[in-house]
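**Q** What follows is a structure written as structure tokens; I'll ask about it next.
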Amino acid sequence: MKFMIIGIAGPLAVGKDTLAGILVERGFVNYSYGDILRRICEERGLPKDIPNLVKVADELRAKDPAVLTKMLLAKIKTDGTKDAVLSGIRAPAEALELIKEPGFVLVWIDAPIEMRYGRLAGRGEERDHLSFDEFKAREEQQMKGINTHINLSEIRKLANVTIVNTGDKE
């Protein structure tokens, strides 16, 4: 059986989940790294804000840099999903694990930082309470590499497709 996995990566508030939603409307099943991390935070009684999501991800990746991808791939296979979309890829080890899968395509999304900060502020989610300076500093860290795990610049180099998202959903 042929199947397709589309991985979506990019900086904060660029439209990764929006693209995943569009693909879901076309028959894909969405599997989100952030959903796994939010669920673990909830199980631990932690606020589901960015610092805690990063802390939980770092703990898991310290044991295995591709652990989150392996968790998602196992779920995809258990579910028998034919076409899947994975949003929020942040670690090169995750992307490299996915590249091994037949039918995998990595999409990088980008947009100007001011536009993305406006989107973030408009979401009003618990995890999104950052000043513009904090937002910009977090992005700089994620692009250069926060630790041995997260490095968006390396992920961008691995992408098969790049989308510049300066519009709205339509």
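The values are calculated or read from the model by the stated rules, or taken from the named source; none is laboratory data. It should be emphasised that the depicted structure is a prediction, and the values quoted were computed from it without experimental measurement. Using ideal geometry, Cβ is built from the backbone for each residue, glycine included, and neighbour counts are taken over all protein chains shown. Just the protein is used for accessible areas: all its heavy atoms, side chains included, with ligands, DNA and RNA removed. Shrake-Rupley method; radii C 1.70, N 1.55, O 1.52, S 1.80 Å.
**Q** Scan the range 32-59 for residues that are surrounded by fewer than 18 Cβ atoms within 10 Å (Cβ to Cβ) and free of Cβ contacts under 8 Å to residues at least 12 places away in the same chain and jot them down.
**A** Asp35, Arg39, Glu42, Glu43, Gly45, Leu46, Pro51, Lys55, Glu59
**Q** Count, please, the residues in the range 1-31 that happen to be assigned to a strand (DSSP E or B) and open to solvent by less than 10 Å² (accessible area, probe 1.4 Å).
**A** Number of matching residues: 4.
**Q** Test of understanding: among Arg44, Arg38, Arg61, Arg26, which residue is touching a helix residue (DSSP H, G or I) at 6+ places or on another chain (Cβ under 9 Å), modelled with pLDDT of 95 or more and among the charged types (D, E, K, R)?
**A** Arg44 is the lone residue from the list that is touching a helix residue (DSSP H, G or I) at 6+ places or on another chain (Cβ under 9 Å), modelled with pLDDT of 95 or more and among the charged types (D, E, K, R).
**Q** Follow-up. Hey, can you tell me all the residues within the range 1-46 that are more than 13 Å from Lys82 (Cα to Cα) and among the β-branched types (Val, Ile, Thr)?
**A** Ile8, Val14, Thr18, Ile22, Ile36, Ile40
**Q** Which of the numbered conditions does Ile109 fail, given that it passes all the others? Conditions: (1) open to solvent by 30 Å² or more (accessible area, probe 1.4 Å); (2) under 17 Å from Gly21 (Cβ atoms).
**A** (1)
**Q** OK, next. Among the residues of the range 60-69, which ones are within 16 Å of Arg39 (Cα to Cα) and either among the hydrophobic types (A, V, I, L, M, F, W, C) or surrounded by fewer than 18 Cβ atoms within 10 Å (Cβ to Cβ) (or both)?
**A** Of everything in the range 60-69, those that are within 16 Å of Arg39 (Cα to Cα) and either among the hydrophobic types (A, V, I, L, M, F, W, C) or surrounded by fewer than 18 Cβ atoms within 10 Å (Cβ to Cβ) (or both) turn out to be Leu60, Val67, Leu68.
**Q** I've got another one for you. Might you check whether a residue that is surrounded by 21 or more Cβ atoms within 10 Å (Cβ to Cβ) and among the acidic types (Asp, Glu) occurs anywhere in the range 78-95?
**A** Yes; the residues of the range 78-95 include at least one that is surrounded by 21 or more Cβ atoms within 10 Å (Cβ to Cβ) and among the acidic types (Asp, Glu).
**Q** Where in the range 109-161 are there helices (runs of 4 or more DSSP H), lying fully within it, with 1 or more residues that are modelled with pLDDT under 90? Please lay out each step first, then the result.
**A** Numbers: elements: 113-123, 132-144, 152-158.
Those helices (runs of 4 or more DSSP H) span 113-123, 132-144.
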